[in-house]
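Where a number appears in this text, it was derived from the coordinates with a stated rule and is not lab data. Every value quoted in this text rests on a predicted model; they were computed, and no experiment measured them. Here the Cβ positions follow ideal geometry from the backbone for every residue, glycine too, while neighbour counts run over all protein chains shown.
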């Protein structure tokens with residue numbers, strides 16, 4: 001429990017497992033030549049991570065392979081300075097590994113040792129380990145009814161799903177509920193919607209609801225929001241509730 005509280009306090013950062021998330025694959029990321037490991041594999045130096053053709057000179061930034069025409073990504077590992085070549089489908093786990101590095105390091109934990117410990121329970125895929133860590137953080141915050149920490153944890157879990165190309169709406173819905181409960185805990189009774197930029201969200205802009213009504217009939221996030229983030233085409237609604245004085 002002390003370990004979990006360290007992770008929570010240092011990195012507040014969602015919800016109970018859904019049917020989709022609890023059945024996530026624990027398959028490791030496959031590297032060039034079909035090798036697998038308990039964690040992300042390191043791509044072969046100077047070789048395309050898709051077709052293994054030697055690239056001379058190797059790319060220094062994102063570019064298409066001259067042979068297979070697939071996009072190659074150039075990224076560092078979270079605990080190293082060298083740059084490696086990655087496939088697009090490897091990026092979510094690479095991002096998850098980066099998140100885990102920050103969580104463990106900020107909590108004073110050894111990255112490699114802690115990763116190995118979690119891998120024994122949850123498999124070696126960084127995305128699965130990150131999901132398990134966030135779930136443990138959630139359980140601690142839920143026991144304390146720490147609505148602010150729950151919002152942050154929920155946001156991070158939703159963002160993990162979003163960057164994996166999956167639907168974050170369920171997780172964002174819980175985040176908004178925790179936002180409302182924090183307002184209620186502070187003695188507020190009404191909230192106003194601060195809308196995102198898309199047309200669907202703008203229909204709610206400035207709308208005022210009692211917190212009781214907003215909790216009973218969830219309106220945020222807007223399910224047909226079209227305000228995407230990054231390269232994704234999926235909506236990422238960032239409408240918020242603000243207190244009405």
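Modelled label positions at residue 113 and residue 91, each set 7 Å beyond Cα in the direction of Cβ, lie 3.5 nm from each other. Arranged from fewest to most other beta-carbon atoms within 10 Å of their beta carbon, 112, 99, 139 become 112, 139, 99. Taking other Cβ atoms within 10 Å as a rough exposure proxy, 211, 153, 129 sort from fewest to most as 211, 129, 153.
If I stretch the segment between residue 210 and residue 144 completely, what's the gain in nm (0.36 nm per residue apart, minus their alpha carbon distance), one decimal? Provide the component values of the computation, followed by the final result.
Details: separation 66, 0.36 × 66 = 23.76 nm, distance 2.50 nm.
Length gained, residue 210 through residue 144: 21.3 nm.
The stretch 156-245: percent of C-alpha pairs farther apart than 21 Å? Cα-Cα pairs in the stretch 156-245 separated by more than 21 Å: 30 percent. Per-residue Cβ neighbour counts within 10 Å put 161, 109, 215 in the sequence 215, 109, 161, beginning with the fewest.
Classify the stretch 67-184 as rounded, prolate or oblate from the Cα gyration tensor: take a ≥ b ≥ c as the square roots of its eigenvalues, call it rounded if a/c is under 1.5, otherwise prolate when a/b beats b/c and oblate if not. Cα axes put the stretch 67-184 in the oblate bin.
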